[in-house]
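Just so you know, all these numbers are worked out from the coordinates, no wet-lab data involved. Computed from a predicted model, the values in this text were never measured in an experiment. Backbone-built Cβ (ideal geometry, glycine too); neighbour counts: all protein chains shown.
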Amino acid sequence: MGNNYTVGGYAEGWCTKCRLQLGHTIIAMVDNAPAKVKCNTCNSQHNFHAKESGKSRTSPKTSSKSASSSKKIKTQEANYNDYTSRLAGHDLSTAQKYSLGGNFKKDEIIDHFKFGVGIVLSVIQSNKVEILFKDGLKILVQNSAGGVVYANQ
């Protein structure tokens, strides 16, 4: 494989924050190989990992944790894939700003100050909605003058 890496160039690798194989911008190189990169999705900076490190760092004591971590990564990837497929074809610039007093409906695109753009999956009660964001499913308050901003499922 003839990879010609350059600082400022593109490299596909494992993002330690997103926990997915994604595109990165090369920040630093050592011996003609990427050393430090910036994820093009979440903008986090970290050491370059060509692939998920997974089993090479697993010790016998943490093997049961590895199974649950692997399951969590697969769930995160499934959520991310569901998120991107549900938002495909929507004009994200028309997303409604989230507010506690807002009244949201199923399939409405929401722009939350902390979680970013999401899509309403269901209205649980008149004062609660289930919204899928890039980092997962959240239950948020609606039709309220105050109170709790959000609760994780």
**Fill in**
Other residues with Cβ under 13 Å from the Cβ of C39 give, with Lys and Arg +1 and Asp and Glu -1, a net charge of +4
**Message:** Taking every pair of distinct Cα atoms and averaging 1/r, then inverting, what Kirkwood hydrodynamic radius in Å comes out for the range 1-52?
**Reply:** 10.6
**Fill in**
Expressed in nanometres to one decimal, the distance between label points 7 Å along Cα→Cβ at N103 and N127 is 1.6
**Amide H partners (placed H, <5 Å) of A50, local residues excluded** = W14
**Request:** Could you list the chymotrypsin sites (Phe, Trp or Tyr not before Pro) in the range 96-132 that lie in coil according to DSSP, counting only those with at most 13 other Cβ atoms within 10 Å of their Cβ?
**Result:** F113
**Under 13 Å, Cβ to Cβ, from Q96 - net charge with Lys/Arg +1 and Asp/Glu -1** = -2
**Item:** Neighbourhood charge, 13 Å Cβ-Cβ cut-off, centred on L22 and excluding it, Lys, Arg +1 and Asp, Glu -1
**Value:** +2
